[in-house]
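Structure first, commentary second.
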Amino acid sequence: MAQYVYSGIVLSYKRMQPDSSNIVHTANPNSTLDYLDEQLGKIPLADQIKVSGLDRFVVSYQPHTVIPEGTPIFDGRNNAAFPVLDQQAYNAGRGGVSDGNTNVVIRLFDGMSTIEGQQYLYTFDPAEAETATGNQQSTMQCDYAISGETLRFTKDYGQSWIESDLTEEELAETLEFYRNGLLLPPESVFVSTDAELPIAFFFGGAPTLKMTFDDGASWTTVPLSSAAEFGRAITKRAIGFTSPDFAYAALGTDWSMGAGEHKLCYFSFDGGTSWTEKELPLTMTSSTLADIAMADERNGIVALNDGMDGSYPVLYATSNTGDTWHSVQLPYGDLPPKVQYLSTIDSVVYEDGWYLMTLGQGNSGTAKASFASADLFGPWKLAETFDETIHLVG
């Protein structure tokens, strides 16, 4: 973020220090000083300040700012010249209104609030259109947001959002059950860029599945199991699809002294309408469910927390849709020092004769590690490690 501030007759520039916690910073051609300086020079700033009605004048830029559709703006895209408008004319949309695709935005306001109070938003053609979509540094391509007692989903870095049909009470019950603020367990939410695959997620105290195949126009509710069937609260929940027909899920409990834990997996071949229940390995032990991912209708991996070494999950593979499971070993010793732990399975895919499995750190870290094998059961080798944006709150 950058700010230009008038004090008297002096215009000063302040470069804001980024918050690097859980944010993956990448080069953004739409945020270079040369490019922004060129755009700033197109604004009739002195004349606009005279009619702005502002008591204090701050000009700021924040990368990946998306202005909601219908919001008044000064639209400078397609090299359009900016008019000078007073508050009434600007707020009436005389300078243009956002179509929801605005991304390069320079803001003139009083420096206090970007939500309340008068502001003037100048939009420009991006230097690189491919990276001017949503907010790729603070939002995953497929992500969710909880605000205004509403749960929403995006498939394009927050450029557009799909609203769920959860009631205020259902969302409150879900957040109370997870007890993690506005965070949902990443394995309990499935969103894909594949337009044929649904949005699906677990909600509520009992693991109830919500699905939409039409981007939120209609939702289906499917209860999979209950705490009574498991004998205690079902705290571990994972869901995924590999095709419009084939879905997989897993449910599990926490471990407790004397009772151990309990976990099961489920498979559907009709888009989540009906499910077949199957056993998971090491059930009724100290190895609780962490995550599950399928490459196709037969081949997949389940990750377990063994209660001993919490740094890396214990993995089991199936090649017959969960009928049998076999231990899988990954070369965790080959990981670089920066990857001190892994907890979830981001994906398992099969391409060009190779299985590629990517593990991540859930909601707590950006480090990822990919492993490759010609055989689902191994041997596996470390392919690469990298950092990737994770879900952020706020």
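The values are calculated or read from the model by the stated rules, or taken from the named source; none is laboratory data. The model shown is predicted, which means the values in this text are computed figures rather than measured ones. Note that we place each Cβ from the backbone using ideal geometry, even for glycine, and neighbour counts take in every protein chain shown. Ligands, DNA and RNA are stripped out before the accessible areas are found, and what is left, the full protein with its side chains, is counted by its heavy atoms. Shrake-Rupley method; radii C 1.70, N 1.55, O 1.52, S 1.80 Å.
Of everything in segment 83-99 that's of a type in the set (Gly, Ala, Ser), touching a residue at least 12 places away in the same chain (Cβ under 8 Å) and surrounded by 14 or more Cβ atoms within 10 Å (Cβ to Cβ), which residue is nearest to Pro63 (Cα to Cα)?
So, considering only residues that are of a type in the set (Gly, Ala, Ser), touching a residue at least 12 places away in the same chain (Cβ under 8 Å) and surrounded by 14 or more Cβ atoms within 10 Å (Cβ to Cβ), the one nearest to Pro63 (Cα to Cα) is Ser98.
Provide a single number: the residues in segment 357-394 that are of a type in the set (A, V, I, L, M, F, W, C), open to solvent by 10 Å² or more (accessible area, probe 1.4 Å) and out of contact with any Leu (no Cβ under 9 Å at 6 or more places or on another chain).
Of the residues in that region, 4 qualify.
With segment 251-339 as the region, which strands (runs of 3 or more DSSP E) entirely inside it contain at least 2 residues that are aromatic (Phe, Trp, Tyr) and within 27 Å of the chain's Cα centre (by Cα)?
Hits in segment 251-339: 263-268.
Restricting to segment 120-138, give me the number of residues that are of a type outside the set (A, V, I, L, M), farther than 18 Å from Ile390 by Cα and open to solvent by 30 Å² or more (accessible area, probe 1.4 Å).
Residues flagged as of a type outside the set (A, V, I, L, M), farther than 18 Å from Ile390 by Cα and open to solvent by 30 Å² or more (accessible area, probe 1.4 Å) within segment 120-138 amount to 4.
So, Val84, is that one within 26 Å of Leu33 (Cβ to Cβ) and under 30 Å from the mean Cα position of the chain (by Cα) or not?
no
Are any of the residues in segment 126-134 under 26 Å from Leu182 (Cβ atoms) and either part of a strand (DSSP E or B) or under 23 Å from the mean Cα position of the chain (by Cα) (or both)?
Yes: one or more hits.
Does segment 215-222 include one or more residues that are modelled with pLDDT under 90, open to solvent by 10 Å² or more (accessible area, probe 1.4 Å) and not hydroxyl-bearing (Ser, Thr, Tyr)?
Scanning segment 215-222, I find no residue that is modelled with pLDDT under 90, open to solvent by 10 Å² or more (accessible area, probe 1.4 Å) and not hydroxyl-bearing (Ser, Thr, Tyr), so the answer is no.
Going by what's in this entry, would Leu166 be described as in contact with a strand residue (DSSP E or B) (Cβ under 7 Å, 6 or more places away or on another chain), assigned to a loop (DSSP other than H, G, I, E, B) and either crowded, with 16+ Cβ neighbours inside 10 Å or at pLDDT 95 or above (or both)?
Yes.
With respect to the numbered conditions (1) under 30 Å from Phe201 (Cα atoms); (2) exposed (fewer than 15 other Cβ atoms within 10 Å of the Cβ); (3) touching a residue at least 40 places away in the same chain (Cβ under 8 Å), which one is the sole condition not fulfilled by Asp55?
(1) is the only condition that Asp55 fails.
Being under 22 Å from Tyr157 (Cα atoms) and without any contact (Cβ under 8 Å) to a residue 12 or more places away in the chain, is that true of even one residue in segment 256-275?
No: segment 256-275 contains no residue that is under 22 Å from Tyr157 (Cα atoms) and without any contact (Cβ under 8 Å) to a residue 12 or more places away in the chain.
Listed residues Gly181, Gly158; which is of a type in the set (Gly, Ala, Ser) and open to solvent by 50 Å² or more (accessible area, probe 1.4 Å)?
Gly181
Looking only at segment 223-242, decide whether some residue is crowded, with 17+ Cβ neighbours inside 10 Å, at pLDDT 95 or above and farther than 19 Å from Ala303 by Cβ.
No.
Of all residues in segment 340-360, how many are of a type in the set (Ser, Thr, Tyr) and without any contact (Cβ under 8 Å) to a residue 40 or more places away in the chain?
2
The rows are residues; the columns are (1) more than 21 Å from Gly111 (Cβ to Cβ); (2) in contact with a strand residue (DSSP E or B) (Cβ under 7 Å, 6 or more places away or on another chain); (3) in a loop (DSSP other than H, G, I, E, B).
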| position | (1), (2), (3) |
| --- | --- |
| Lys42 | yes, no, yes |
| Gln48 | no, yes, no |
| Gly53 | no, no, yes |
| Arg56 | no, no, yes |
| Ser60 | no, yes, no |
| Thr65 | no, yes, yes |
| Pro68 | yes, no, yes |
| Asn78 | yes, no, no |
| Ala81 | yes, no, yes |
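As an exercise: evaluate Gln141 against (1) open to solvent by less than 60 Å² (accessible area, probe 1.4 Å); (2) touching a Phe, Trp or Tyr at 6+ places or on another chain (Cβ under 7 Å); (3) over 20 Å from Ala217 (Cα atoms) and give the number of the one condition it does not meet.
If we test Gln141 against (1) open to solvent by less than 60 Å² (accessible area, probe 1.4 Å); (2) touching a Phe, Trp or Tyr at 6+ places or on another chain (Cβ under 7 Å); (3) over 20 Å from Ala217 (Cα atoms), just (1) comes out false.
Against the conditions (1) touching a strand residue (DSSP E or B) at 6+ places or on another chain (Cβ under 6 Å); (2) over 21 Å from Phe246 (Cα atoms); (3) surrounded by 15 or more Cβ atoms within 10 Å (Cβ to Cβ), where does Gly272 fall short? Just the number, please.
(2)
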